[in-house]
Structures are given as C-alpha cells and as structure tokens.
Amino acid sequence: MGKGDQRSKRGKVWRGTTGKTRPKKAKKDKQKQERAEEQQQEEQAE
C-alpha cells in the first residue's frame, strides 16, 4: 500500500518499474506510423 509495495502505483513509481498498475506510455512515433498506414488504406479504398 506504500512505496515498498510492488503492486501499487506508488511502489512502481518509487522503484521505477512498469506493469499492470503502471503501464508504459505508447511511443508517439509508432502511433504516427499507424495513422499513416490507415490513411494510405483509406486512399486505396477510394
């Protein structure tokens, strides 16, 4: 329930780890690439 608890968000922040309670943030480059691919597919459908 505190800094020493590996499963709580505060414990994850304190340790600098990630997991279910503190997931990693998605990289913006990957999101941009996915959007570009979606736009290409839409243009091909037209």
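The values are calculated or read from the model by the stated rules, or taken from the named source; none is laboratory data. This is a predicted model, so every value here is computed, not measured. FYI the Cβ positions are ideal-geometry reconstructions off the backbone, even for glycines, and counts take in every protein chain you see.
If the condition is being modelled with pLDDT of 85 or more and in a helix (DSSP H, G or I), then segment 1-33 contributes 9, 10, 11, 12, 13, 14, 15.
Can you tell me which residue among 31, 44, 6 is over 15 Å from the mean Cα position of the chain (by Cα), surrounded by 10 or more Cβ atoms within 10 Å (Cβ to Cβ) and not hydroxyl-bearing (Ser, Thr, Tyr)? Give the derivation first.
Details: 31 fails: over 15 Å from the mean Cα position of the chain (by Cα); 44 fails: surrounded by 10 or more Cβ atoms within 10 Å (Cβ to Cβ).
Being over 15 Å from the mean Cα position of the chain (by Cα), surrounded by 10 or more Cβ atoms within 10 Å (Cβ to Cβ) and not hydroxyl-bearing (Ser, Thr, Tyr) holds for just one of 31, 44, 6, which is 6.
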